[in-house]
Amino acid sequence: MAADRTLLVTITGRDRPGVTAALFDALVGYDVEVVDVEQVVIRGRLVLGVLVAPGTEEAGLRAAVTKVATELGMDVEIASGTGDNLPRRDGRLHVTVLGHPLRTAAMAGVAARIAERGANIDRIMRLSRSPVTSLELDVSGVTDTEDLRIALAAEASARGVDIAVHPAGLHRRGKRLVVMDVDSTLIQGEVIEMLAAHAGFGEQVAEITEAAMRGELDFEQSLRARVALLAGLDASAIDEVRASVKLTPGARTLIRTLKRLDHEVAIVSGGFTQITDGLVAELSLDYAAANTLEIVDGKLTGQVVGPVVDRAFKARALEQFASLAGVPLSQTVAIGDGANDLDMLAKAGLGVAFNAKPLVRRQARAAINVPYLDALLFLLGISREEVEAADALDALAPN
């Protein structure tokens with residue numbers, strides 16, 4: 001095919017049913033081979049490109065295509081050439097850009113950083129318009145993935161958008177394990193602060209929590225210090241806090257969609273099993289790990305039972321869950337907001353900082369800075385239309 005003559009037929013105009021059928025019907029009888037087809041619709045405007053290897057009646061073919069385009073009220077361009085598309089170069093990546101809103105300056109900056117490194121944007125597809133605008137760029141010719149990731153992260157920070165860089169390949173369609181932090185990730189707020197408010201130490205505990213999440217304090221020491229302030233608190237306070245816990249917007253959509261794709265979902269928390277056990281049951285999660293508050297005679301003792309779930313523990317839990325799920329670490333996704341999550345984010349195939357502290361945003365390979373947990377789906381290449389279509393089918397299914 002490399003030296004064979006080809007024609008590129010490009011039809012543009014108002015989209016409506018039957019345009020593609022009419023064009024191909026016009027080509028019937030002219031002994032042509034279909035080599036490639038690309039079609040896109042933006043705000044009701046169609047761009048349809050058909051690459052064909054023409055037969056012996058090229059003049060008749062051109063006349064037939066022009067005639068059908070005129071009848072459809074559309075514009076047509078027919079360009080002669082040779083061969084097929086050039087093969088995509090090695091060094092292929094998916095670059096996902098999220099903005100709320102997504103400004104042209106951000107896209108200009110992203111495109112410039114890619115071009116500066118000699119890479120090419122082969123295709124762009126919109127994944128969502130709400131609650132954020134997300135675009136996926138297929139990029140090839142990347143010689144240094146980490147260099148591009150660092151450059152795009154800096155551009156994203158300057159432009160106020162989120163960016164994730166993933167290797168291309170079949171693995172993207174494979175089974176995944178998604179492991180989430182709980183406090184300020186899966187749920188809104190910090191459980192220990194809610195408990196401390198009942199004990200009268202809310203402000204003091206919040207200050208310690210903030211310092212720990214920024215990485216300024218050893219997590220285990222800070223946790224034990226905070227839990228100690230809860231000594232004597234009636235265990236009924238846990239029930240009150242459990243009843244007041246609110247999921248982060250998009251959490252149910254995220255988990256429901258991951259489950260549809262046969263992914264496994266886990267939580268690992270520096271919080272407490274007295275809260276996470278209920279989340280596991282409510283959301284049908286596959287694995288969980290958290291601290292356990294010690295309760296004696298209906299009162300909190302100010303101690304935790306067993307080893308503390310710190311950043312090293314979270315990384316080990318990720319490995320353990322992956323082993324149980326039969327998923328390689330390269331197919332794991334970890335998402336969290338604090339310094340306690342850093343080891344887990346680094347070990348996962350994709351580590352995502354969610355509305356995270358600056359230290360975490362700088363070190364994670366991807367970041368989401370909008371308050372919607374299901375934005376993670378877009379980083380995985382899952383579009384909003386696919387999610388909504390699946391939800392609609394579920395709604396129609398018999399109980």
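The values are calculated or read from the model by the stated rules, or taken from the named source; none is laboratory data. Keep in mind it's a predicted model, so treat the numbers as computed, not measured. Cβ sites come from the backbone with ideal geometry, for glycine too, and all protein chains shown count toward neighbours. Side chains are part of the model used for accessible areas, which takes the heavy atoms of the whole protein and leaves out ligands, DNA and RNA. Shrake-Rupley method; radii C 1.70, N 1.55, O 1.52, S 1.80 Å.
Here are the numbers:
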quantity	calculated
Cα-projected label distance for residue 385 with residue 33, points at 7 Å along beta-carbon direction, nm	3.1 nm
Peptides ranked, highest mean first, by Cβ atoms within 10 Å: ranges 202-215, 23-36	202-215, 23-36
Mean Cβ neighbour count within 10 Å, used as a protection proxy, ranking 263-276, 290-303, 327-340 highest first	263-276, 327-340, 290-303
Förster radius 41 Å - calculated FRET efficiency between residue 124 and residue 56 (Cβ-Cβ, nearest 0.05)	0.60
Extension gain (nm, one decimal) between residue 84 and residue 294, 0.36 nm per residue minus Cα-Cα	68.7 nm
Whole-Å distance, taken between Cα centres, linking region 120-140 and region 236-301	33 Å
Residue 246 versus residue 228: modelled label distance in nm, points set 7 Å from Cα along the beta carbon direction	3.4 nm
Å² of accessible area per residue within the chain, as computed with a 1.4 Å probe and no ligands counted	47 Å²
Three-way shape call for the chain based on the alpha-carbon gyration tensor, with the a/c threshold at 1.5	prolate
Projected label distance in nm at residue 117 and residue 284, using a 7 Å step from Cα toward the beta-carbon	3.9 nm
The chain, accessible surface, carbon-and-sulfur percent (1.4 angstrom probe)	52 percent
FRET efficiency estimate (nearest 0.05) - Cβ-Cβ, residue 236 to residue 20, R0 56 angstrom	0.30
